[in-house]
Structure formats: structure tokens, C-alpha cells
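Written below as C-alpha cells is the structure these notes are about.
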Amino acid sequence: MQPFALNYARPAAELEVTAAYVYDSGLQLNVLRDGRIAAGDHALLRELGTTTSTAGSKTHFDD
Amino acid sequence: MTVLIVTNEEDVTADMVVVHLNASGVPVVRLDPADLTGGVALSGEYVHGAFRGHLSSAGRLVSINGLRSIWMRRPGAAAARAATPSAWLTEEAGQALYGMLRGCDVRWMNHPDAARRARYKPWQLRLAQRCGLPVPATLITSFPQAAREFAERYPDLVVKPVSGTHPQDPPRAVPTSRVAPDADFSAVALGPTLLQRRVDKRADIRVTVVGDQLLAAAKVTTAAEAEVDVRFATSDAPWYPVEVAPRVAEAVRGYMREAELAYGAFDFVEDADGTWWFLECNQSGQFGFIEVDTGQPISLSIAEWLARPATGEQPHANGASAKVP
């Protein structure tokens, strides 16, 4: 038997974003492969869900 | 005067704010405490009654006395990526960094002490009640019998983690979930369990608070939606801007003052009568997805708050100021 709330647990979703952009320490921003600032591409952010409230992330417990 | 952003490199939501700060010419230093002893270094001396401290990150050097504000976003554990990481080194590095930063007169979004307290969900519920926000009937208990009796009084319940954290071994999510009518509450004895009356919602509401600004958005609940937890909703209905009733706005501002928060992401659900029921306030809640859908200038508001010039007045944890006596 496990704590009651864990009866409702499900596998955590993993966000796959590593290939989409990379951090540029000079700019202090993440950039896309073509050099554009990732934060300016709202369509991509929506698609990747990286700015979204998530549950189950190892570090992002503040949703 | 520099804005210090404490977060991890992958935090593209923080990027949205950095872009605005760059556009306004405000110096920014961004660091992840996880990189301490690697790409991040610190030094501070307390000599002759004065403090002088410096931080460096990826080759940028900043005086701690030259900071105007600190934005705590998604920092990694201190020294987690050190060449030889250890729990001891994490404690040492965290004490050194946050101890120095706590000693400087800057505005925080949010102050670590206020943030730590604000994460306690039971504390949130009580504060929300005191501020006049409607809170669904809630029970947190490790008594199975108390859970059974609560379920008799409120037959339609949801269960959610008390802490908001999720088990990591293996990684699992514990969404807010509807409790089955015939649930066996025996396992409540194995861990404090948060049960709450389910609100039959017609929309989820997110109120993002930045300083004195309230930016509210709603997402309609479709009739076919089976998920209680909006984070798992299958609906692709977009978030859209909504107005905040003056009574709710006053209560939310009261909550922010009491919690000493400069930023907060309030989650409500709206019932058929239009009442907004308080669920929680995440002191560092995500906002990018709201901005992307609604066009609300949340990241700009945060940048403007962080960029406000230092006033020389004694700061409070939430950025409010008082005259130095």
C-alpha cells in the first residue's frame, strides 16, 4: 500500500527541447539553430510547451 | 545598477524578460548557482564595518553593492555541477551566495524567505481565507476516518499533493484528480492527504501579479474535458484576457502584501455563478504560456519592475519601500 495521493500518480512527461535551442552565455539567452532568439518565437514556445505549467518536472515545482 | 537573474540556462521564460531588459539598456547578470565553482564565482569581504562583494558569471563581473534587484526564477542547487559535487559543498556554496545576497539592500522578486513560506499550501489556504478569497472546503489529514467523514459531507472530491512536489524515483506526476465515489481511504494513514471539494468549473483562471499589476486570463472548460487539472487538460482552448472584479483584486493585493511577494501566479476556478475559487498561489509560477496566448505584457511588467532604479530606501521583501528612519 502507498500514500493515498500516489494512487493517482502517472508517469511524468519529459520535455524534449534540447535540440530546439541552446544557451548562449554571451547573450545570456537561448538561441535557435539559425541564430534567432528562442524567446521571440512564440509559435515554437507554444509547440514545445517550455513556458507552460507542468507537473512532475524535477525542478519546476512552482507551476 | 544591475539586475541579477538567478536561474538555470534552459529557462527560456526568463529569456522573455532578459530581452526587455536588454532593449531598455539595463545591465543584466544571469547565473545559475549550480555553476558555482565552475562558471560562477563569488567573493565578499567584511572589513572595517563595510561589505564589498562581487559575483562573476560567464566572464561578467558585478559588484553586489551595484545590484538594483534580484529575480529568483529557477535556480539549480548550489554547486550541483561542481567538479566534485557533494551535499556539503552545496550547503557551503548556498550559504555563501544567498547569505551575501540577503545582506544587500535590493528589491527581490521574490525574497527567498518569503518564497519559502509562500510554498506551504496549507498556509496559502489560510491566508486566502483571511484575505476574503473563497476557498473550497479542504481537509488535510492522515486520519482515514476523518477522510471518510469529509467524503460523506462532500461526496465530490479531488485529491492533490500537499506540497505540490512530485515523486522522482521514478519520475511521476501527481495531478489534481477526482476521487472515486467508492474510494478506500485507508492509505490516508500513510501520508498527509489533501482532499478538496471539487468545484464544477466553467473556466480556469490565472491571475499573474507583478508588483501592483494584476493580469488575469481565463481558459474555458469544455464539456468533454475529463481532466480536473488544467495542466493535463486535453483541450486546446486558448487562454484569453479577463477583468478582475474589484473585490477579488483587493483580496489578491492583500494576499501579496501579507505574503511579502512581488510576484505571484494565482490559480482560481470559476463556477457557474461566476465565483472565483482560490486554489493556490505559486510564488514563481510560469507565465510564458499565458503571455503567448493572450499577448498580455507579463514579461515586460517583470522587466520594468526589476529595472526600477534603486531608491536608497529600506526595501521590504516584496519590493515595497519605507523611509529609512
query = Tally time: how many residues in the range B:31-73 are aromatic (Phe, Trp, Tyr) and either touching a Phe, Trp or Tyr at 6+ places or on another chain (Cβ under 6 Å) or under 30 Å from B:Val210 (Cα atoms) (or both)?
reply = 1
remark   = Within the range B:267-292, residues being of a type in the set (D, E, K, R) and either in the same structural domain as B:Arg30 (by TED's automatic domain parsing) or out of contact with any strand residue (DSSP E or B) (no Cβ under 7 Å at 6 or more places or on another chain) (or both) number 2
query = Restricting the search to the range B:83-93, which residues are part of a helix (DSSP H, G or I) and surrounded by fewer than 17 Cβ atoms within 10 Å (Cβ to Cβ)?
reply = B:Ala87, B:Trp88, B:Glu91, B:Glu92
ask   = Which condition breaks for B:Arg68 when tested against (1) surrounded by fewer than 16 Cβ atoms within 10 Å (Cβ to Cβ); (2) in contact with a Lys or Arg (Cβ under 8 Å, 6 or more places away or on another chain)?
value = (1)
ask   = Are any residues in the range B:190-222 without any contact (Cβ under 8 Å) to a residue 60 or more places away in the chain and under 27 Å from B:Arg153 (Cβ atoms), and if so, which ones?
value = B:Leu190, B:Gly191, B:Pro192, B:Thr193, B:Leu195, B:Thr221
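Go through B:Asp156, B:Asp200, B:Asp184 for me and flag whichever is charged (D, E, K, R) and within 11 Å of another protein chain (Cβ to nearest Cβ).
Numbers: B:Asp156 fails: within 11 Å of another protein chain (Cβ to nearest Cβ); B:Asp200 fails: within 11 Å of another protein chain (Cβ to nearest Cβ).
Exactly one residue qualifies, and that residue is B:Asp184.
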remark   = By residue number, the members of the range B:267-281 that are closer than 16 Å to B:Ser163 by Cα and buried (at least 24 other Cβ atoms within 10 Å of the Cβ) are B:Leu279, B:Cys281
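So which residues in the range B:156-174 are in a strand (DSSP E or B) and of a type in the set (A, V, I, L, M), if there are any at all?
Across the range B:156-174, the qualifying residues are B:Leu157, B:Val158, B:Val159, B:Ala173.
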Of all residues in the range B:9-33 being in a loop (DSSP other than H, G, I, E, B) and either without any contact (Cβ under 8 Å) to a residue 12 or more places away in the chain or within 9 Å of chain A (Cβ to nearest Cβ) (or both), the one that is surrounded by the most Cβ atoms within 10 Å (Cβ to Cβ) = B:Asp11
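Quick test for you: out of A:Thr50, A:Thr54, A:Thr18, pick the one residue that is under 25 Å from B:Leu31 (Cβ atoms), within 14 Å of the chain's Cα centre (by Cα) and either more than 7 Å from chain B (Cβ to nearest Cβ) or at pLDDT 95 or above (or both). Quick ask: steps written out before the conclusion?
Details: A:Thr50 fails: either more than 7 Å from chain B (Cβ to nearest Cβ) or at pLDDT 95 or above (or both); A:Thr54 fails: either more than 7 Å from chain B (Cβ to nearest Cβ) or at pLDDT 95 or above (or both).
Only one candidate qualifies: A:Thr18.
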ask   = What number goes with the only condition from (1) in contact with a helix residue (DSSP H, G or I) (Cβ under 7 Å, 6 or more places away or on another chain); (2) aliphatic (A, V, I, L, M); (3) in contact (Cβ under 8 Å) with a residue 60 or more places away in the chain; (4) not in a strand (DSSP E or B) that B:Ile70 does not pass?
value = (4)
query = Can you tell me which of B:Ala245, B:Ala217 is crowded, with 18+ Cβ neighbours inside 10 Å, hydrophobic (A, V, I, L, M, F, W, C) and modelled with pLDDT of 95 or more?
reply = B:Ala217
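Being more than 12 Å from every other protein chain (Cβ to nearest Cβ) and assigned to a loop (DSSP other than H, G, I, E, B): is that true of B:Gly254 here?
no
The values are calculated or read from the model by the stated rules, or taken from the named source; none is laboratory data. Fair warning: this is a prediction, and the values are worked out from it, not measured in the lab. FYI the Cβ positions are ideal-geometry reconstructions off the backbone, even for glycines, and counts take in every protein chain you see.
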